[in-house]
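Here the structure is laid out as structure tokens; the discussion comes afterwards.
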Amino acid sequence: MSQKIDARYLYDTDNFLKGTKHLLTDESIVSGKLSDLGVRRKCFFQSELINEPTLNVGMSVVEIFSGEFVAGSEEVVVFENKEVDLRVLINDLNCGAKYYYKVLAEIQTPEQIKGSQVLDSDFAVLESEVLNVRFVFCSFEFALNRTEELSWVYDSFSELGFFATDLDMLDDYFSKLDSKVGNDLIEEFTTTELAGDIFKEGLGILCWGGTPWIYFVRSEDNCSIYGESTGYEGNYFLREDIKELSVIPGEALRDWSLCRCRKWPKLKVYGEGRGLIVKLLIKNELTSTIRENTGIFSPILSYVLVRHNGDSNSNPLLYSRVF
């Protein structure tokens, strides 16, 4: 189990990343393996504690530092850049105890860009990709376990948001209906009771009416480090035998036969119970004077999905305007 502790988000237009130090080594985090990943404007730093001998990580995660330290106090700063007031902490340490750590880095790319041949070197790539840097520590030595299971999906969504479902179960449900389901699911959802029936069967969730933007869809415990609540949330019934959800941009529902043939990223659903709550979080950037003067900001938005044992009546999130 991983306990998320602290996080900061830097939008780096002025090469502040180079001046950001990993304080346990007193070195810039831009060294060797991190340099090889390349420069990104969106830089997300986080710290977390684990209590298991292995940590599941994605296939693209790179280990850039590892080591051990003896805690000199209950709280330690692990990342710092005084120019932009960037400080990422770890706390609740046992003073005098030994801890092992790894600093991990990953470039997180929107799914839409991954599959595009047009945007390969475009400004959109620079603007949307996130450099995620994680400080992970433990009271004993631990190893990395590479897996293709995802606790997040990152993609660009229009006002049609996204639809998340188990495709095989949904297809089976469609095949047993008395009437044939049309190929345009947007039309079906807006002119028939199909969306409501899917909610009643616990076969999927729908989040519509949001600000067109790039979003993370996450499912894990303690997601508070990923931002503050926007006040927008929805509740759904989700069958307990559904363990993963394919996350599909809303506009893809216009052609269900084509949509069904594509391979969509699958999100492992965290928690237990028939209920599923979806909350929309916003993480604002640390701003430099230059950035503040432009009046332009680029927050990170996250939909967080967590199962629960409470009310499983559907009250879907069909409207959210963040800016």
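The values are calculated or read from the model by the stated rules, or taken from the named source; none is laboratory data. The structure presented is a predicted model; accordingly, all values stated were derived computationally and were not measured. Positions of Cβ are generated from backbone atoms using ideal geometry, with glycine treated the same way; all protein chains shown enter the neighbour counts. These area figures cover heavy atoms from the full protein model, side chains too; ligands, DNA and RNA do not enter into them. Shrake-Rupley method; radii C 1.70, N 1.55, O 1.52, S 1.80 Å.
Spin-label model, Leu89 to Asn145: label points 7 Å out along the Cα-to-beta-carbon direction sit 3.2 nm apart.
Taking only the Cα atoms of segment 1-135, the radius of gyration and Dmax are 15.8, 54 Å.
Under a model in which nothing but the beta-carbon of Lys, Arg (+1) and Asp, Glu (-1) is charged, segment 150-218 shows a dipole of about 260 debye around its Cα centre.
Residue ranges 228-235, 17-24 sort as 17-24, 228-235 when ordered by packing (mean number of other C-beta atoms within 10 Å per residue, highest first).
When the chain is described by a simple charge dipole with +1 on each Lys and Arg Cβ and -1 on each Asp and Glu Cβ, the residue from Gln112, Tyr236, Asn183 located farthest towards its positive end is Gln112. Taking every pair of alpha-carbon atoms in the chain, give the share separated by more than 34 Å as a whole percent. Here the long-distance tail beyond 34 Å is 28 percent of all Cα pairs in the chain. Relative to the current alpha-carbon distance between Val62 and Thr294, full extension at 0.36 nm per residue lengthens the span by 80.2 nm. Highest mean packing comes first when the peptides 55-62, 74-81 are listed by Cβ atoms within 10 Å, giving 74-81, 55-62. In the chain, helices alone account for a calculated mean residue ellipticity at 222 nm of -3500 deg cm²/dmol, with every DSSP H run of four or more residues adding -39,500 (n - 2.57). Taking a straight Cα-Cα cut-off under 29 Å and skipping sequence neighbours fewer than 8 places away in the same chain, the lysines within cross-link reach of Lys114 are Lys4, Lys18, Lys33, Lys42, Lys102, Lys243, Lys263, Lys266, Lys268, Lys279, Lys283. Treating each Cα of segment 173-323 as one equal point scatterer and applying the Debye formula with no solvent, the log10 of I(q)/I(0) at q = 0.17 Å⁻¹ comes out as -1.06.
Using the Cβ of Leu194 as centre and a radius below 10 Å, the other residues enclosed give a net charge of -4, where K and R count +1 and D and E count -1.
Reported to the nearest whole Å, the Cα centre-to-centre distance from segment 124-148 to segment 50-75 is 10. In segment 208-262, the portion of solvent-accessible area held by carbon and sulfur atoms comes to 51 percent [1.4 Å probe, whole percent, DNA, RNA and ligands not counted].
Label-to-label distance for Phe323 and Glu52 is 3.6 nm, based on points extended 7 Å past Cα in the beta-carbon direction. A straight chain from Ser31 to Asn313 at 0.36 nm per residue would run longer than the Cα-Cα distance by 96.5 nm. Full extension of the chain between Asn222 and Asn183 yields a length gain of 10.2 nm, computed as 0.36 nm times the residue separation minus the alpha carbon distance.
Separation of segment 226-245 from segment 1-38 is 30 Å, based on Cα centroids. Computed with every protein chain present, the accessible area of Asp12 is close to 10 Å² [probe 1.4 Å]. Under a model in which nothing but the beta-carbon of Lys, Arg (+1) and Asp, Glu (-1) is charged, the chain shows a dipole of about 300 debye around its Cα centre. Remark: the Cα gyration tensor places segment 123-215 in the oblate category, a/c being 1.5 or greater and a/b not exceeding b/c.
Is segment 14-79 best put as rounded, prolate or oblate by its Cα gyration tensor, with a ≥ b ≥ c the root eigenvalues, rounded for a/c under 1.5, and otherwise prolate when a/b is larger than b/c, oblate when not? Taking the square roots of the gyration eigenvalues as a ≥ b ≥ c, segment 14-79 is oblate. Rg/Rh for segment 147-262 stands at 0.96; both radii use Cα atoms, and Rh follows the Kirkwood definition.
For Ser257 and Lys200, what is the calculated FRET efficiency with R₀ set at 22 Å and r taken between the beta-carbons, to the nearest 0.05?
0.35
By a 1.4 Å probe calculation restricted to protein chains, Ile282 has an accessible surface near 30 Å², given to the nearest 10.
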